[in-house]
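Right, I'll just put the structure down here and ask away after.
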Amino acid sequence: MQKLADLKVGVKGEMCMISDPELEQKLLEMGCTPGEKIQLIRKAPFGGPIAILVSSYILSIRKDDAEKIAIKLVKNE
């Protein structure tokens with residue numbers, strides 16, 4: 001498993017675990033559940049936010065929060 005913050009742009013993965021309970025609750029409310037397939041779309045420079053594709057929408061996440069999300073890589077389809 002890898003941290004979401006460590007993925008490269010274009011890589012797809014499956015959300016496995018969120019280590020922060022508050023962040024987990026926020027993401028659950030937005031439809032990001034463990035087992036959800038995601039794709040890293042963009043990374044802002046200098047430690048800024050990252051954008052991921054979840055379901056059919058793009059979600060922006062702070063890099064600090066992305067460090068708390070464990071991802072299992074999946075093959076590109």
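Each value in this text was obtained by applying a stated rule to the coordinates, not by laboratory testing. In this text, all values refer to a predicted model and were calculated from it rather than measured experimentally. Positions of Cβ are backbone-derived with ideal geometry, glycine not excepted, and every protein chain shown enters the neighbour counts.
Find the strands (runs of 3 or more DSSP E) located wholly in the stretch 21-77 whose residues include 1 or more that are closer than 13 Å to Ala5 by Cα, in contact with a Lys or Arg (Cβ under 7 Å, 6 or more places away or on another chain) and not basic (Lys, Arg), and list them. Spell out how you get there, then give the answer.
Values: elements: 37-43, 50-54, 57-61, 69-73.
The qualifying strands (runs of 3 or more DSSP E) are 37-43, 50-54, 69-73.
Let me ask another. Identify all residues within the stretch 4-25 that are of a type in the set (Lys, Arg) and exposed (fewer than 14 other Cβ atoms within 10 Å of the Cβ); write none if there are none. Spell out the reasoning first.
The first filter runs over the stretch 4-25 and keeps only residues of a type in the set (Lys, Arg), leaving 8, 12.
Once the filter is applied, which keeps residues that are of a type in the set (Lys, Arg) and exposed (fewer than 14 other Cβ atoms within 10 Å of the Cβ), the stretch 4-25 yields only Lys8.
Could you list, in sequence order, the residues of the stretch 38-61 that are surrounded by 15 or more Cβ atoms within 10 Å (Cβ to Cβ) and in contact with a Pro (Cβ under 9 Å, 6 or more places away or on another chain)?
Of everything in the stretch 38-61, those that are surrounded by 15 or more Cβ atoms within 10 Å (Cβ to Cβ) and in contact with a Pro (Cβ under 9 Å, 6 or more places away or on another chain) turn out to be Lys43, Ile61.
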